[in-house]
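Heads up, the thing below is written out as structure tokens.
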Amino acid sequence: MLGKRISVGVAAVAGAFAFTACGSTGSAAAPASNAGPGAAAAPAPAEPAPAEPAAAKTSGTPRCTTADLSVSLGKPKEKSPGQFDIPLTYRNVSDHTCGLHGVPGVDLAGPEDPTFGPVYHLPRVDNGVKHNEVTPGTTASATITVLTPAEGGASWTPAKLTTIPPGQTQPLTADWPADLPVLRQDAATHPGSYVNGILADPA
């Protein structure tokens with residue numbers, strides 16, 4: 001077991017989001033003070049992805065498409081007892097520069113949970129850069145923050161991560177670390193698991 005969970009989280013997007021990743025603008029969940037797994041109010045329909053700002057439309061650099069990118073997961077790092085950060089890194093595998101900014105969509109898929117099912121839709125926090133370009137062969141990363149179950153609690157370990165880059169509709173997949181269980185908080189108002197916005201990687 002990876003340690004006792006703590007109560008840290010962000011305001012969640014209630015229910016399963018329509019799995020199109022959002023851009024770098026629009027409302028986003030804000031950090032909150034607790035991450036209890038208790039039920040919240042009835043889930044609301046996911047909001048559509050916000051439109052791109054005028055500057056992004058006229059910058060001359062189109063967004064990276066899913067076909068332009070590959071994805072990988074880095075090594076989990078414990079940020080506080082029971083809560084881990086995992087880098088989600090996108091690499092430009094195309095032959096052209098493209099824009100990569102905003103908050104990606106992320107689903108974790110694993111065994112069937114008797115309450116929530118086999119897929120955990122992570123809420124998103126719009127805290128990344130407003131504009132970023134990746135040249136061929138370079139990367140940019142979003143951080144996934146997850147809360148692990150308390151010692152002796154129910155354990156759920158995803159097998160796969162599915163992500164949709166910002167502004168796209170087609171997914172990429174990566175294997176989830178086999179030794180990193182996740183506390184399911186699908187109905188919580190302040191979950192401790194979420195995906196952060198994309199930041200430029202060091203050159």
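Every number in this text was worked out from the coordinates using simple rules, so none of it is lab data. Source: prediction; values computed, not measured. As a convention, Cβ positions derive from the backbone with ideal geometry for all residues, glycine included, and neighbour counts pool all protein chains shown.
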**Prompt:** Which whole-angstrom value gives the distance between the alpha carbon centres of segment 133-182 and segment 74-96?
**Reply:** 8
**Message:** Let me check against my output: what whole-number percent is the relative contact order of segment 64-198, with C-alpha pairs under 8 Å and at least 6 apart?
**Reply:** 32
**Label-reachable residues, segment 141-174, where backbone N falls under 16 Å from a point 7 Å from residue 116's Cα toward its Cβ** = 144-151, 153-162
**Complete:** Calc'd 3J(HN,Hα), segment 157-174, phi into Karplus 6.51 cos²θ - 1.76 cosθ + 1.60 (θ = phi - 60°), Hz, glycine/Pro = x, comes to 10, x, 9, 9, 10, 10, 10, 10, x, x, x, 10, 10, 9, x, 10, 10, 8
**Message:** Under the rule a/c < 1.5 gives rounded, and otherwise a/b versus b/c splits prolate from oblate, where does segment 64-198 land using the Cα gyration tensor?
**Reply:** prolate
